[in-house]
Amino acid sequence: MADLHFELVTPEKLVRSDDVFMVVVPGTEGDFGVLANHAPVMSTIRDADLVIYATEGGAPETISVQGGFAQVDEKGLTVLAEATS
Amino acid sequence: MASLKELKDRIASVKSTQKITKAKKMVAAAKLRRAQMAAEAARPYASQMEKVMTSLASKVSIDENSSKLLAGTGKLETHLLVVATSDRGLCGAFNANIVKEARLKAEKLLGEGHKVLFYMVGRKGIPIIKRFYPGQILKHFDTSTVKAPGFEEAKAIAADLTALIEDGKYDVAHLFYGKFKSALVQEPTVQQIIPVPLQDGAIAESEGAVEYEPDKEEILAELLPRNLTTQIFGALLENNASEQGASMTAMDNATRNAGDLIDNLTIVYNRSRQAAITTELIEIIAGAEAL
């Protein structure tokens, strides 16, 4: 299965641009996992942790984001956040 | 003819000026690199934001409940000119150019019978605007306390602008700043920020059915202030890079001019020294011959 292209962007810089297996996005109305070929979605996100699985079954990596917005299209997942830590 | 002592002092003074301009040039060059990198790093976010905004805005119908940031106040009477300048001088015509652009726009608007107000960011533009348009400066946002304007400042300015339009203080806002082209070229730029300018016939991408969470209107409501912040942040970064670029160029010229001046003064100094020596010799010889 193809990997999901994932980009995390803040006003200061492009934090991540990677091909990963899955990202769990903390949407305002609930978390959702994004795999490759996910249907197009636009969602605002809570101030919480993004969970990134680089490989299937691998150890997850978390990045906490504040003031964010997620967009899934045919190119992959793009998360715009005001700050990360 | 200036005396030798005066010439010497003059040369020393120009030399010390040259030292200052040289130092300022090097500082600007170092800062320019960083500012340029920051401006470039901010571009992906801004372009993403713009893409999302245009695709969303074209899908939402505008009615009286729409945010004022998107729809405006329905009037075009009072225009707010947000003029972003630097806090420091020694950067050539950089600030003057931005203010000139703002004045052109202001005159045009006044000619059309609109009202014009100013919102100043940075210190250097204020005196000129104050002289030409007394009492029309709505507010001055002070950026001199921070080293380089960042996202926090952009956020504060955006919040200010939002509050002011909610109060009905103005109807349309334009942003003026110096767009960074290269170290030599900075272009004063005008950009309408409120209401959000919508390009007609924006290509509605064939996205099929996009799901919106919570829904389009709410996402848009949250995105609009953020988009404004992003625009201002981008402008501040461009401004910063431009300022350093302009400063570097101006100081480079100043250093070169000081060098030329020193060369000329040195020639004058040597000539008058020689003339003095020659005169002295002639006096001695003439005196000796007279005996």
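The values are calculated or read from the model by the stated rules, or taken from the named source; none is laboratory data. Here the structure is a predicted model, which means the values were calculated and not measured. Cβ coordinates were reconstructed from backbone atoms using ideal geometry, including for glycine residues, and neighbour counts include every protein chain displayed.
Laid out as a table, the results:
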quantity: Qualifying position, being within 30 Å of residue B:37 (Cα to Cα), at pLDDT 90 or above and in contact with a strand residue (DSSP E or B) (Cβ under 6 Å, 6 or more places away or on another chain), among A:62, A:10; calculated: A:62
quantity: Flag for residue B:189 being among the hydroxyl-bearing types (Ser, Thr, Tyr), out of contact with any Ser or Thr (no Cβ under 9 Å at 6 or more places or on another chain) and within 14 Å of chain A (Cβ to nearest Cβ); calculated: no
quantity: Looking only at the range A:22-59, and only at residues there that are farther than 18 Å from residue B:216 by Cα, in contact with a Gly (Cβ under 9 Å, 6 or more places away or on another chain) and not in a strand (DSSP E or B), the one that is farthest from the other protein chains (Cβ to nearest Cβ); calculated: A:36
quantity: Members of the range B:147-182 found to be closer than 17 Å to residue B:42 by Cα, of a type in the set (Phe, Trp, Tyr) and touching a Pro at 6+ places or on another chain (Cβ under 8 Å), listed by number; calculated: B:151, B:177
quantity: Residue in the range B:76-94 that is touching a residue at least 40 places away in the same chain (Cβ under 8 Å), within 12 Å of chain A (Cβ to nearest Cβ) and not in a helix (DSSP H, G or I) present; calculated: no
quantity: Single residue of the range B:21-46 satisfying the filter (of a type in the set (A, V, I, L, M), touching a residue at least 60 places away in the same chain (Cβ under 8 Å) and away from chain A (no Cβ under 14 Å)) that is farthest from residue B:243 (Cα to Cα); calculated: B:29
quantity: Condition met for residue B:230 (within 13 Å of chain A (Cβ to nearest Cβ), in a helix (DSSP H, G or I) and not aromatic (Phe, Trp, Tyr)); calculated: yes
quantity: Test result for residue A:63, under 12 Å from the mean Cα position of the chain (by Cα) and either surrounded by fewer than 17 Cβ atoms within 10 Å (Cβ to Cβ) or within 12 Å of chain B (Cβ to nearest Cβ) (or both); calculated: yes
quantity: Candidate set: the range B:209-219, residues that are facing chain A (nearest Cβ under 10 Å) and closer than 21 Å to residue B:166 by Cα; chosen: the one surrounded by the fewest Cβ atoms within 10 Å (Cβ to Cβ); calculated: B:218
quantity: Count - residues of the range A:8-21 that are within 13 Å of chain B (Cβ to nearest Cβ) and either at positive phi or in contact with an Asp or Glu (Cβ under 8 Å, 6 or more places away or on another chain) (or both); calculated: 5
quantity: Among residues of the range B:127-172, those that are in contact (Cβ under 8 Å) with a residue 40 or more places away in the chain and farther than 26 Å from residue B:70 by Cα, counted; calculated: 4
quantity: Considering residues of the range B:114-136 that are farther than 23 Å from residue B:234 by Cα and in contact with a helix residue (DSSP H, G or I) (Cβ under 6 Å, 6 or more places away or on another chain) only, the residue surrounded by the most Cβ atoms within 10 Å (Cβ to Cβ); calculated: B:116
quantity: Residue within the range A:1-10 that is assigned to a loop (DSSP other than H, G, I, E, B), in contact with a helix residue (DSSP H, G or I) (Cβ under 8 Å, 6 or more places away or on another chain) and not aromatic (Phe, Trp, Tyr) present; calculated: yes
quantity: Residue under evaluation residue B:56, criteria (1) more than 26 Å from the chain's Cα centre (by Cα); (2) assigned to a helix (DSSP H, G or I); (3) away from chain A (no Cβ under 14 Å), criterion not met; calculated: (3)
quantity: The range B:103-154, subset part of a strand (DSSP E or B) and over 16 Å from the mean Cα position of the chain (by Cα), residue farthest from the other protein chains (Cβ to nearest Cβ); calculated: B:115
quantity: Test result for residue A:70, closer than 20 Å to residue B:218 by Cα and either touching a residue at least 60 places away in the same chain (Cβ under 8 Å) or not in a strand (DSSP E or B) (or both); calculated: no
quantity: Residue A:26 vs. criteria over 28 Å from residue B:40 (Cα atoms) and under 10 Å from the mean Cα position of the chain (by Cα); calculated: yes
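Every residue, every condition in (1) without any contact (Cβ under 8 Å) to a residue 24 or more places away in the chain; (2) surrounded by 17 or more Cβ atoms within 10 Å (Cβ to Cβ), yes or no:
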position	(1), (2)
A:25	no, yes
A:30	yes, no
A:36	no, no
A:45	no, yes
A:51	no, no
